[in-house]
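I have placed the structure first, in the form of structure tokens, so that the comments after it can refer back to it.
The values are calculated or read from the model by the stated rules, or taken from the named source; none is laboratory data. What you are looking at is a predicted structure, and each value in this text was computed from that prediction instead of being measured. For neighbour counting, all protein chains shown are included, and Cβ atoms are generated from backbone atoms with ideal geometry for every residue, glycine included. Note: areas computed on protein heavy atoms with side chains; ligands, DNA, RNA excluded. Shrake-Rupley method; radii C 1.70, N 1.55, O 1.52, S 1.80 Å.
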Amino acid sequence: MLQSKVSISTDSHRLFSHAIVIGGGIAGLLSAQILTKYFDKVTIVERDILVSEPYHRRGVPQSHHVHVLLKRGQQILEQVFPGIEADLLKANVPVIDWTADVQWLGTGGCAPQFTSGLTTLACSRNLLELIIRRRLAANDSIVFMPSASVVGLLMDVNKTNVDGVRVQLHNKSQISLHSDFIVDASGRNSSAPKWLAEFGYPVPQETIVDSFSGYASRWYERPDSLSSEWKCLYVDAKSPSTRSAVIYPAENDRWIVTLAGAGRDYPPTEESEFLSFARGLHSSVLSKAIKEAKPVSSICAYRGMANRLRHYEKCSRFPGHFVIVGDAVCSFNPVYGQGMTVAASAALILDYCLKHRSSKQHNQILAGLSQDFQKKLSREISKSWYMTTGEDFRWPETKGKTPTLATQFTQLYMERVLSLSVESEYAHQCFLEVMHRVKPFSTLFHPRISTQVLKQTITQQKKK
Ligand SMILES: Cc1cc2nc3c(=O)[nH]c(=O)nc-3n(C[C@H](O)[C@H](O)[C@H](O)COP(=O)(O)OP(=O)(O)OC[C@H]3O[C@@H](n4cnc5c(N)ncnc54)[C@H](O)[C@@H]3O)c2cc1C
């Protein structure tokens, strides 16, 4: 068990004494580390028991499935916890070069494989979380409060600032925990709208784009007989089928195999149906590979993968001393692997907001920070939102606000870039760099790509 530890710095140069983070997932852990720069003590209140093994937790059901940490997410992780990449390597985590080691089987064929240096570390969600938690456990300012659920907020007398949380303990008793600042990182089922409404604050508008996608995943031992052509395999959906899949490597020579379907074509969890779904992909490479591999887990399913954005940045009133991060603000269809990286970006935005206000008079530092933070976070989210929802609108069953012209254009353009990726190393690398958030979306409009896209479009129009 990770023991809670109370150690408050006495001769602190920090600005405030106590912050609370609700939820010990990726968003909560990164935010907590940032807060220790400004607060003497940071308490992470987590509903689950926390153990010192890479262990599946009830509060993170998604950890049964592939969890790709994008390059940008990994860069932020290293920035927040210097040396953490080395910790991951010590834990037997494979390095993948996204152009050399990933076989990308697109609808038009296989993308070229070449070395680009776009490398990341591939591991399970459970190991990643454990390694981050170990770093926090070594930070004297962090207190873990496991097996404790936040059930509501506490407000100051004027109801203008949040000044604590109500916590239900393991034995069902409730306590009040006070602090100067509170971060809600409780994930996609966050109760923040309800908690805010209890004090008369408006409920945020929500935008939902649902492609009715689902996953089924199983862990395998990587077979020794594997060819060296790839370490990771992506099979894209070939329209009209919505089925896609990935074999993603992880620590200790394991593979996580995740099958995905959209438009309610949910992949099954019964073994023979799982294998038959895999055989139904447009390429047989994946089903042949898993035939050689030994399964080491049961098959787990996940549904409810809609993109959901809560517009806290648009709320006419929002309390002070309180911010909301991670999936609690925006959860994406995980097929595009954006969630952990956007959650990590939120920690950097929090750092920026606190740092840039720290020269103000003490009682002014937190004033107005909450709304400023939510606006900045919303701009960051939008970078991934248009790409993921645009892609989801490929499927006719997708429900959601009618896509804007910009979204429709993004989706069509991306389709063309993906088909160009099969013949152009340059286009393939640019697409991956944009997906990994190390380059802006505008990279895909470089003349070397846009002229090819235009030529392709004209050729197809002539054929019609
Ligand atoms: C199937 C699936 C696959 C995914 N694959 C990827 C991927 O490949 N790449 C990627 O980047 N992202 C992926 N994601 C998204 C990713 O899991 C999240 O975006 C990321 O973990 C950030 O989430 P979070 O920390 O905000 O919430 P979570 O990770 O969900 O953590 C929330 C935490 O809060 C705790 N909690 C909840 N309520 C309370 C409460 N009231 N009191 C105390 N504690 C509470 C929970 O127990 C949990 O520990 C995937 C998501 C799903 C569903």
**OP:** For the range 346-361, enumerate the residues that are open to solvent by less than 10 Å² (accessible area, probe 1.4 Å) and either in contact with a strand residue (DSSP E or B) (Cβ under 6 Å, 6 or more places away or on another chain) or under 20 Å from residue 204 (Cβ atoms) (or both).
**Re:** 346, 350, 353
**OP:** Determine whether the range 351-364 contains at least one residue that is assigned to a helix (DSSP H, G or I), out of contact with any Gly (no Cβ under 9 Å at 6 or more places or on another chain) and polar (S, T, N, Q).
**Re:** yes
**OP:** Would you be able to say whether some residue in the range 169-188 is in the same structural domain as residue 368 (by TED's automatic domain parsing), in contact with a helix residue (DSSP H, G or I) (Cβ under 9 Å, 6 or more places away or on another chain), within 12 Å of the ligand (Cβ to nearest atom) and not in a loop (DSSP other than H, G, I, E, B)?
**Re:** yes
Original post:
Restricting the search to the range 318-328, which residues are more than 8 Å from the ligand (Cβ to nearest atom) and open to solvent by 10 Å² or more (accessible area, probe 1.4 Å)?
Top reply: 318, 320, 321
Original post:
Looking at the range 258-345, what strands (runs of 3 or more DSSP E) fall wholly within it and have at least 2 residues that are more than 20 Å from residue 234 (Cα to Cα) and of a type outside the set (S, T, N, Q)?
Top reply: 307-310, 322-324
**OP:** For the range 47-79, name all the residues that are surrounded by fewer than 20 Cβ atoms within 10 Å (Cβ to Cβ) and over 22 Å from residue 334 (Cβ atoms).
**Re:** 49, 51, 52, 53, 78, 79
Original post:
In the range 197-204, is there at least one residue being at pLDDT 95 or above, assigned to a strand (DSSP E or B) and in the same structural domain as residue 346 (by TED's automatic domain parsing)?
Top reply: no
**OP:** Please find, within the range 31-46, the residue that is farthest from residue 130 (Cα to Cα) out of those that are part of a strand (DSSP E or B) and open to solvent by 10 Å² or more (accessible area, probe 1.4 Å).
**Re:** 40
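Considering each of 235, 165 in turn, give the residue that is under 24 Å from the mean Cα position of the chain (by Cα), modelled with pLDDT of 95 or more and within 16 Å of the ligand (Cβ to nearest atom).
One residue alone meets the criteria, 235.
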